[in-house]
């Protein structure tokens, strides 16, 4: 009950922030919109009309208790389908990134688990990968795979941005997970499993990874929000039409209804993924949680 | 490890020396072929990159310090054990964690473009939630130690507990996290500038150079190379130091 109250309170606070942040902007937001983004708006609609469309002529309480305007101010497209499309694009990118990162991390972990010397090597590789920021690796990958080798198109293909993001994240995931595993290993049942003659891969999956699954799942679910949020830079570099790209474009053009809906969507997904992770950890590892 | 310290020592001393050799901006070279090692304005890319390093570190120093102090002070509030306060405190932080930090940082820099104070504010917004979570975790783990239970049994007040037992441990933890924090700050600063969301300063920073370099990636790849390489080596060195501190 307490959890539900807190969750609804957090969702309402995120909603209030998404709808109310416009009041924090300096000056009249509509003036900025007309001056900075699209001049044709001023030709077709008067300032007061835009004020009305953006619910700026009502009080703060009325504004936060109403839904945002359903159309984008710039291209007049309905906001919800626009955000929904961008969300599914982001989800595609996030899923491919997740699969790549998961695969690379598990591969590094398994190879590192097999021998101590290799473990040192994979640690060095992970530090190397984590040290190449996306704005460096992105253009390099574009240059090699799209311009020189011509394997992927420069834009609108999710594999290259996903690979770029996955390489960067593998560096961090490997270090975090190997830290969790090395904390757990001294008290694990690995020696017993080895004595029973089980294969190393089986031991790795069932006696090393499975007992830490609760904290690993919590870590992964926390990463969903980070991925949706952190893929912004990748989406800008590779011009992938995801949520981050949509939001950055909307911010530059001051398309307030799209910003409001997009911001609320990203926050809600992050919040829900965090809560699901917490709940799963409680179910899987009640003592640890 | 030795590599990290040697690189940082070499790099910072050369960056400071490079400040003496700042090139004045010359006429735009676009009509002529770009010379190897020079940017479109005729400036030496190596010197420019070294100058940019100083600028980037100057940009991140103050926001980083302010973040540390604010987070340190705010995290002490987790000592207040009143359930109602804890409820609202946790709700507030859950809200902040779920907000997309980078998008809000970009919004801040886009909507308040006239003041240079906005960049430090964006950094505060991105880093404080992370640091508070880190400090709170540290405090919670210290509070479960046996010596704390014994100190409480001997009648230690919360202020005494904090001053004598918790603050020194937190300083140690801060020392351990500092290299990682610097890399995070560098990446935030460079990312925000790279997407063109930061007011340019008097001296070009790493992000501004990379932003310029991406337009000349085919004609003059050395602009990006001479910027990306020292940036990568610096982040790599700080990561190595961070790993060493953590172990």
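Throughout, read-outs are computed from the coordinates displayed, never taken from laboratory work. What you see is a predicted model; the values in this text were computed from it and never measured. Neighbour counts are summed over all protein chains in view; Cβ atoms, including those assigned to glycine, are modelled from backbone coordinates with ideal geometry.
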*Cubic angstrom per residue, convex hull over Cα atoms of chain B*: 149 Å³
_Extension reserve of the residue A:3-residue A:121 stretch, reckoned as 0.36 nm per residue once the Cα distance is removed_ = 38.1 nm
_Using Cα springs under 10 Å in a Gaussian network model of chain B, which residue among B:204, B:144, B:190 shows the largest mean-square fluctuation?_
B:144
_Rough spin-label spacing in nm, given labels placed 7 Å along Cα→Cβ, for residue B:148 and residue A:128_ = 4.1 nm
*Report, as an integer, the average count of C-beta atoms from other chains found within 10 Å of each Cβ along B:210-221.*
2
*Anyone know which of A:151, A:107, A:216 comes out most mobile in the 10 Å Cα GNM of chain A?*
A:151
*Got the relative contact order for chain B handy, in percent, Cα pairs under 8 Å and 6 or more residues apart?*
30 percent
*Given the options B:142, B:80, B:128, state which has the largest fluctuation in a GNM of chain B using a 10 Å cut-off (strictly under) for Cα springs.*
B:80
*On a 0 to 90° scale, report how tilted helix A:116-130 is relative to the longest principal axis of chain A, with both axes built from alpha carbons and the result rounded to the nearest 10.*
10 degrees
_Residue-span extension gain [residue A:62 to residue A:210] - 0.36 nm each, minus C-alpha spacing_ = 48.3 nm
*Rounded to 10°, Cα long-axis angle of helix B:45-75 versus longest principal axis of chain B*: 20 degrees
*Normalised by the residues of chain A, what does the relative contact order come to in percent, with Cα pairs under 8 Å and at least six apart?*
25 percent
*Over the whole of B:235-241, what's the average partner chain Cβ count within 10 Å per residue? Rounded to a whole number, please.*
4
*the stretch A:50-168 - percent relative contact order, Cα under 8 Å, separation 6 or more*: 24 percent
*Calculate the translational D of the protein assembly as shown in whole µm² s⁻¹ from Stokes-Einstein, where the hydrodynamic radius comes from the Kirkwood formula applied to all Cα pairs, the temperature is 10 °C and the viscosity 1.306 mPa s.*
62 µm²/s
*asked:* Show me, bin by bin at 5 Å from 0, the whole-percent P(r) of chain A based on Cα pairs.
replied: 1, 5, 10, 12, 13, 13, 12, 10, 8, 6, 4, 3, 2, 1, 0, 0, 0
*Rounded to 10°, Cα long-axis angle of helix A:79-114 versus longest principal axis of chain A*: 20 degrees
*Please arrange B:169, B:59 by counting, for each residue, the other beta carbons lying within 10 Å of its beta carbon, fewest first.*
B:169, B:59
*Across peptide B:189-196, what mean number of C-beta atoms from other chains lies inside 10 Å of a residue's C-beta?*
4
